[in-house]
Structures are given as C-alpha cells and as structure tokens.
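The values are calculated or read from the model by the stated rules, or taken from the named source; none is laboratory data. Model, not experiment: these values are computed from the prediction. Glycine also receives a Cβ, built like all others from the backbone with ideal geometry; neighbour counts cover every protein chain displayed.
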Amino acid sequence: MKYKVSIFLMLFCIAQQGKAQYFYNDTYYNNALIFEAGISVGSMNSLTDVGGRIGKGKGGVKDYNIKNTTASGSVFFSAFYKNFFALRLEATMGSVQANDSTIKNAKLNGGSIGRYNRNLSFRSPIDEISVTAEFHPIGFFNLSNEEGDAPVFSPYIIGGIGFFHFNPQAKLNSQWVDLQPLHTEGEGFAEYPNSHVYKLNQVNVPVGIGVKYELSAKFNLRMEYITRLLSTDYLDDVHGTYIDPAVFSKYLSGTQLTDALILNNRGRTDALSNETTAHPNGIRGNPHNNDSYFTFSFKIAYVFGRELINSSTKSQRRQQASPRFF
C-alpha cells in the first residue's frame, strides 16, 4: 500500500509542476511543460560494406563518402520540460545507397582495388519511427542570462530507441531488384548454417547532438546530427563470403534464380586473379562490423504552451513562480 501512495504522490507532484509558470521573456511565459510540433529536412548517408573511400576499409566516419548522400525528412512532436528535458516522437523518411564504382583511382591504391573489382552496389529506402530523449545542459544548470528565462541557444544531446524498415535493392537491366529474397550469401540455405535470413524490420538506437535556437516564443530552429546504431550488417545485403553459385538452383527458380546468379557476383571481368576475391568462400564483406546510417538535418518547430502576459505584471509573476527543479 505504501508503494501505491508513494507513486501517487510522485505523479501528483509532477502534475503540479506541469501547471507552474516559468517566464520565457518579458512578453511570454512558459508552463513547466510545453509542446512542439515540427518538420525537418536534411541529408542521409550510411556506412556499410559497399563503397566507402579510397584505401583499405576503415571504421566509422573515416570511410564516409559524401557522394552517397541523399535527401531525408521527418515530422515530429515533443514534450519539453522546464527548458532542459524533452521526449520526442518522430517519423523519418529517406534512403541510403552506395556503389563500389565510386572508389576512383583504385588501381593506384591497392587497399581498395578489391572493393573496386567487387563492383557491388545497392540502394535501400529507410522508414523509421523513434522515441528519443533530449538533455539540455544550459537549461538544467540554469545558465541563461536571467532566472527562469529560456536560453536563446541551447545545445543538447539526444538518444533513444527506434524501429525502422529497409529493403536493399540492386539495379539490373534498368530495374531495381529486391536482394533479400535472392539469398545472395546463402542466408537460410542448409549448406550455410551460419548464414541466417535477415529481417527487413528491425530496432535501432539513435544517438546524436544538436543545438536549438529560439526564433520567437512560437517558433524555434534546430540543427541536428543523429547516427543510428544497428544490430544488422545487411543494410546493403553484404556481410560475409561468396557462396557456390551451383547451390542457388536448389532453392530458387525462374527469374529469382537468374537474378541471384548475376547479383551474387558482379565482379569486373578484367580483374586480375590477385585483385579480386569473387569466388566461392572468398571475402564479400566484413562480418565484424555492423552497418549504420545517419542524418544531418535542419528542423523548425511550432511551440504550444507559451502565453502572452501583461509586462507590468512580470515582476509579480516572477515572485510567484516556483523553483525550476523539484
């Protein structure tokens, strides 16, 4: 019983805090809890086994290739508490792509000649919904110019959990072909028991940084970078090794069989034997690092919960305002 009473008292205190007023500036005040709804536009890119930069494959941003950048966008709704903590629900749409052929001058750099001769490519739509939390240290430590005022600039960190759909495809004869049903690396085949069929709907972990700028009491702008940590290495349908092409006919037929035989191995025909791994059990991807994708975006939000006040009453309201923290 005492636990139920404690939980009730905690929820009651939070509710009361939500009703408290905190001044935004001389003209508007906040409730402790305000809301934002907005949109964003920006760019999306990925780090996968395909493409990358010249030289031996590197981890993280060292393998970032700006040529693979595509457009992205989102809509979001957030609840913002006392200028320092927010919860956000966001739907993001975009796509990722990469192509081994973008590794120029590979002949001059032995570290990337294998990827260049591998000659794989892909694209994938990305549809994501996420719930994230923001922490704004300036608001938390009360570093704004005047007690209770919202900071004009507010850098923050962000993290949470997301659910996303992807579907890697490759272009063949001017048509985009879904790669997952082709089992290009023997996923699910009895001959390759360690290669499992991957799901096209998965969980991710978005983490990033941003900065918010108050345009007015009703609008704010944000600039934000978020990367998604994934538990899959199949964003590009490339993970481990080439399989024996003779196995495909045991599981596939018709168009799927034809497409699988072509898209499993698209190695350049003029490649020297010591400059390619395109043969059964040869290296096709790096199974030790999962893929990731990331966005850089500009956001604009409309703010609900700030109300116009009579400036002559501001000093009186400040004396009545509750402390910022519990």
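Which of the residues that make up segment 246-263 are under 16 Å from Asn173 (Cβ atoms) and touching a helix residue (DSSP H, G or I) at 6+ places or on another chain (Cβ under 9 Å)? So that I can check it myself, show each step before the final result.
Here is the first cut: in segment 246-263, the residues under 16 Å from Asn173 (Cβ atoms) are 254-263.
Once the filter is applied, which keeps residues that are under 16 Å from Asn173 (Cβ atoms) and touching a helix residue (DSSP H, G or I) at 6+ places or on another chain (Cβ under 9 Å), segment 246-263 yields Gln256, Leu257, Asp259, Ala260, Leu261, Leu263.
What are the residues in segment 209-236 that are of a type in the set (Gly, Ala, Ser) and in a strand (DSSP E or B), if any? Within segment 209-236, just Gly210 meets the criteria. Filtered by the rule that a residue be surrounded by 20 or more Cβ atoms within 10 Å (Cβ to Cβ) and hydrophobic (A, V, I, L, M, F, W, C), segment 223-236 gives Ile226, Leu230, Leu235. Does at least one position in segment 181-202 carry a residue that is in contact with a strand residue (DSSP E or B) (Cβ under 8 Å, 6 or more places away or on another chain), in contact (Cβ under 8 Å) with a residue 40 or more places away in the chain and small (Gly, Ala, Ser)? Taking every residue of segment 181-202 in turn, none turns out to be in contact with a strand residue (DSSP E or B) (Cβ under 8 Å, 6 or more places away or on another chain), in contact (Cβ under 8 Å) with a residue 40 or more places away in the chain and small (Gly, Ala, Ser).
Candidates are the residues of segment 237-287 that are of a type in the set (A, V, I, L, M) and in a loop (DSSP other than H, G, I, E, B); the one that is surrounded by the fewest Cβ atoms within 10 Å (Cβ to Cβ) is Leu272. For the condition in contact (Cβ under 8 Å) with a residue 40 or more places away in the chain, touching an Asp or Glu at 6+ places or on another chain (Cβ under 8 Å) and under 30 Å from Thr70 (Cα atoms), Tyr225 does not qualify. Tally up the residues in segment 195-222 that are among the hydroxyl-bearing types (Ser, Thr, Tyr) and exposed (fewer than 13 other Cβ atoms within 10 Å of the Cβ), please. Of the residues in that region, 1 qualify. Only one entry of Glu275, Glu224 meets the criterion of being of a type in the set (D, E, K, R), closer than 30 Å to Glu128 by Cα and out of contact with any Pro (no Cβ under 9 Å at 6 or more places or on another chain), and that entry is Glu224. Taking segment 49-86 as the range and being exposed (fewer than 15 other Cβ atoms within 10 Å of the Cβ), assigned to a loop (DSSP other than H, G, I, E, B) and either charged (D, E, K, R) or at pLDDT 85 or above (or both) as the test, the residues that pass are Lys56, Lys58.
From Ser195, Ser216, which residue is out of contact with any His (no Cβ under 9 Å at 6 or more places or on another chain) and either within 30 Å of Asn83 (Cα to Cα) or of a type outside the set (Lys, Arg) (or both)? Walk me through how you get there before you give the answer.
Values: Ser195 fails: out of contact with any His (no Cβ under 9 Å at 6 or more places or on another chain).
That would be Ser216, the only listed residue that is out of contact with any His (no Cβ under 9 Å at 6 or more places or on another chain) and either within 30 Å of Asn83 (Cα to Cα) or of a type outside the set (Lys, Arg) (or both).
Scanning segment 234-290 for residues being closer than 22 Å to Asn167 by Cα and of a type outside the set (S, T, N, Q) gives a total of 24.
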